[in-house]
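The values are calculated or read from the model by the stated rules, or taken from the named source; none is laboratory data. These figures come from a predicted structure and were not determined experimentally. Because the Cβ atoms are built from the backbone with ideal geometry, glycine has one as well, and the counts that use them run over all protein chains shown. Just so you know, the surface numbers come from the protein's heavy atoms only, side chains and all, with ligands and any DNA or RNA stripped out. Shrake-Rupley method; radii C 1.70, N 1.55, O 1.52, S 1.80 Å.
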Amino acid sequence: MVDRRDMLKTMGLGATGTFLAGGATHAATPSPGARKQAALLHEEIATMPVDDSHCHPLTDQDAQTTPDLFLERISLAGFPTPDYFPDGVYRAWLSGDAAKRQALDRQHGIDKVRGEIFYHFRESVFVKYMTKEMAKFLGCKPDLTTVIAARNERGRDYWGYVGALFRDARIENAMLDTGYIENLQAPGIARFEDAIKPSRPRRIYRVETIQAQLFKEDIGFEELERRFLAMVRAGLDGTGNYGARSYGMKSYLMPEIGVVKPLFDPAPAKASWATLKDKSVVYEDREAEAHKGKDLRRYLLTLALEECLARDMPMQFHAGDGEAPGIILRQQDPYNLEEMVRFDRNGVMRMPKIVPIHAGYPLVGQAAWLSHLYTNCYFELSIMTPFVHQGLFQRYLQVMEAVPLSKILFGSDAYHVPELFWLASIWGKRYLAQALGVYVDQEVLSVDEAIEAARMILYKNNRRLYNLEA
């Protein structure tokens, strides 16, 4: 049996280990022995079911597409495309005829901006690797134009194609965040859920979804509070989440305000509600605007987390990730969630189930260490899986070095297109097997322990956390 220092040297990590400043890792290549173990492990891991702990329902608007549109739909740099132009311009360009588009392009340079997004994303290793993987599934040449043509052919029966990807990925439970659904309503969500059967959809209710409805209302604070609680309870106990029940909730507050602390006193929240409704208030920049209604939103989040705690349901928190410029990147440190993890009241840490999602990426070390220190804090892998692809090998080692295997949750954050669900499963299993292969080769884990670790990460932990029956 080798000690930890020797193991790290063998991995190419030296005495510093995997946890470095900013969550970065040294490049590491598995040894021949580790590669052999990984191949043996992958034979079994590849057949395992998957629970996707964080993802989104899809529309059918991508059934037929082009290479550029497909790239725009999956590129995180493409998310803010409308924000490069005055409000409404990009929407008008998308829906306009040829003459309208030409006029808007002359005025705003839309084609140039889009061209830059597509050019750079095409040159990413992610896209080049994804293209080859999709070509294998579709049975065509591995170039993007051919792959999209083959995909469009399958897209003639789009929901059948979606279902085929889910079955190939062996996804059994999908925890669907209904806070981002591209204007789908209950029938559209149900249509997606029907397409992915036998995968079981499990909805997650977003705090901001409720707030978006209530903040439009001209009501007093007490009525706002009453209706907010009623909607939370309907979503958690009944059919208030677009006609179905929820298995937990999610908050998007941290990217907007940074450090998130519980607020139990309604007085500051009441004053914050009055300020939020005051249309005369002018905010000097996007950070100040993001903080509007801060105390109100902290208070409502606290109420929602109380309801989750009473039901032993988790609360997901957006952490790390991108989505600039809609959010403020510097405010996404997972450590900003520590006070919500503690949830102190009357000198007692009550510790509800908290899930910082997206692996805190790129601040993976902070998310992992928060999960290490607090027993009620979990670690979730989405967006890092699949977008980091080969780098997942090092990241998984980094995570497993600190986070108990019983608290690591597989996830994709898949959105817009079904291939992201599929890629996350395929690549997640591949690089998880590689990381576990290192531990088996170095006698840190036995083969049986590594296999059980994969089961826990891929599906068992999710079912235990969300109290699922299967």
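Once you charge only the Cβ atoms, +1 for Lys and Arg and -1 for Asp and Glu, what is the size of the charge dipole of segment 254-299 about its Cα centre, to the nearest 20 debye?
Working: 9 positive and 8 negative charges, 46 e Å.
Approximately 220 debye in magnitude.
Taking H placed 1.01 Å from N in the peptide plane, check which residues at least 5 places from PHE317 or on another chain put their amide H under 5 Å from its amide H.
Under 5 Å from the amide H of PHE317: SER251, VAL355, ILE357.
Radius of gyration and Dmax for segment 390-470's Cα atoms, expressed in Å?
Here Rg and the maximum Cα pair distance are 13.1, 42 Å.
Residue farthest toward the positive end of the dipole of the chain, with Cβ of Lys/Arg at +1 and Asp/Glu at -1: which of THR275, ILE328, GLY163?
GLY163
I need the per residue convex hull volume for segment 324-432, using only the alpha carbons, in cubic angstrom as a whole number.
Values: hull volume 12.1 nm³, N = 109.
Once divided by residue count, the hull of segment 324-432 is 111 Å³.
Roughly to the nearest percent, how much of the accessible area of the chain is carbon and sulfur, given a 1.4 Å probe?
Values: 10260 of 19690 Å².
Looking at the chain in its full context, I get 52 percent from C and S.
If you scale each eigenvalue of the Cα gyration tensor by 5 and take the root, what three semi-axes come out for the chain, rounded to whole angstrom and sorted largest first?
Details: eigenvalues 239, 183, 95 Å².
So the three semi-axes of the chain are 35, 30, 22 Å.
Tell me, what is the per residue accessible area of the chain in Å², probe radius 1.4 Å?
Numbers: 19690 Å² over 470 residues.
The answer is 42 Å² per residue.
Give the relative contact order (percent, whole number) for segment 401-459; include only Cα pairs under 8 Å separated by 6+ residues.
RCO, segment 401-459: 48 percent.
In nm², what is the average projected area of the convex hull enclosing the Cα atoms of segment 249-361?
Working: hull surface 29.3 nm².
Directional mean of the projected Cα hull area for segment 249-361 stands at 7.3 nm².
Using alpha-carbon pairs under 8 Å, 6+ residues apart, how would you state the relative contact order of the chain in percent?
Working: 785 pairs, mean separation 106.2, N = 470.
Reported as a whole number, the value is 23 percent.
Kindly provide the GluC sites (Glu not before Pro) of segment 407-470 that DSSP labels as loop, not H, G, I, E or B, and whose Cβ sees at most 13 other Cβ atoms within 10 Å. It would help to have the intermediate numbers written out before the result.
Values: sites: GLU419, GLU443, GLU449, GLU452, GLU469; in loops: GLU443, GLU469.
Answer in residue order: GLU443, GLU469.
What figure, in Å² to the nearest 10, do you get for the accessible area of THR302 with a 1.4 Å probe and non-protein molecules left out?
The value for THR302 is about 0 Å².
What is the set of long-range amide H partners of LEU409 at a cut-off below 5 Å, with H atoms built 1.01 Å from backbone N?
PHE379, GLU380, LEU381
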